[in-house]
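Undergrad: Have a look at this one.
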Amino acid sequence: MAENLRELLENRADANPSKVFLWSQTDGRRFSYQEFDRVVNRAARMLASEGVGKGDVVSLLMPNSAEYVVAYFACFKLGALAGPVNSLLKTEEMAYVVGNSEAKLLLYSTQFDAQVSELKRETKTLREALVFDDERAATAGRSRSFKSSTSACTRSPTASSRARSATWRASAASPSTSNACRSTNRFPTAVLSK
């Protein structure tokens, strides 16, 4: 039995690798459990390469999309907290939400470029803001250099979930690896299957 969402995803990827997990209504992309787990691992390595680790907060300023779900699960992979930022807030209110959560990193959609410019100026804890419109573009080349030091993000399809859990716990305790995130949101444009 899975102890957390990361383990649940990994167990499902092992048990039903080709079953569709996520479908993006916006662009028609479909992710099987195995594909989604790989995408999430790439995003988690990218976050870790930016210094995100267990207990860190990553703010998410994105529309409901497949990328939002990927970012959310990537945070879980690291033990980080995903902090959703309501895009309907005024920029000052967004700055309060991001600052009050002590977010170190912001993943955002380019449709919020203007707000993000101001957020970066007004939020003291925010070290970096990264565009996450397309997970492929956002993770390309960024996670490769960090791969060897975050081998816990790379799973073998034959590895048992207990071994993976031990590896994740060990890597989370290591000072060379990163922290984690939490978030809640509804996903009307991305459909999750059971």
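Undergrad: Excluding ligands, DNA and RNA, what is the solvent-accessible area per residue of segment 1-44 at a probe of 1.4 Å, expressed in Å²? Before the final figure, lay out each step's value.
TA: On the way: 2300 Å² over 44 residues.
Result: 52 Å² per residue.
Undergrad: Please list 3J(HN,Hα) in residue order for segment 16-21, calculated via the Karplus relation 6.51 cos²θ - 1.76 cosθ + 1.60 where θ = phi - 60°; whole Hz, with x for glycine and proline.
TA: My calculation for segment 16-21 gives 9, x, 9, 5, 5, 9 Hz in order.
Undergrad: Let me ask something else about it. In square angstrom, rounded to the nearest 10, how much accessible surface does Phe31 have for a 1.4 Å probe?
TA: Probe radius 1.4 Å; accessible area of Phe31 about 20 Å².
Undergrad: Heavy atoms only, probe 1.4 angstrom, no DNA, RNA or ligands counted: give me Glu50, Glu92, Glu67, Glu35 ranked by accessible area, highest first.
TA: Numbers: Glu50 50, Glu92 110, Glu67 10, Glu35 85 Å².
In descending accessible area the options line up as Glu92, Glu35, Glu50, Glu67.
Undergrad: Determine the order of Arg12, Arg45, Arg127 by accessible area, beginning with the largest, at a probe radius of 1.4 Å.
TA: So, going from the largest accessible area down, we get Arg127, Arg12, Arg45.
Undergrad: Whole angstrom only: what separates the Cα centroid of segment 30-57 from the Cα centroid of segment 59-83?
TA: About 9 Å separates the Cα centre of segment 30-57 from the one of segment 59-83.
The values are calculated or read from the model by the stated rules, or taken from the named source; none is laboratory data. Nothing here was measured: the structure is a model prediction, and the numbers come from that model. With ligands, DNA and RNA removed, areas are computed over all heavy atoms of the protein, side chains included. Shrake-Rupley method; radii C 1.70, N 1.55, O 1.52, S 1.80 Å.
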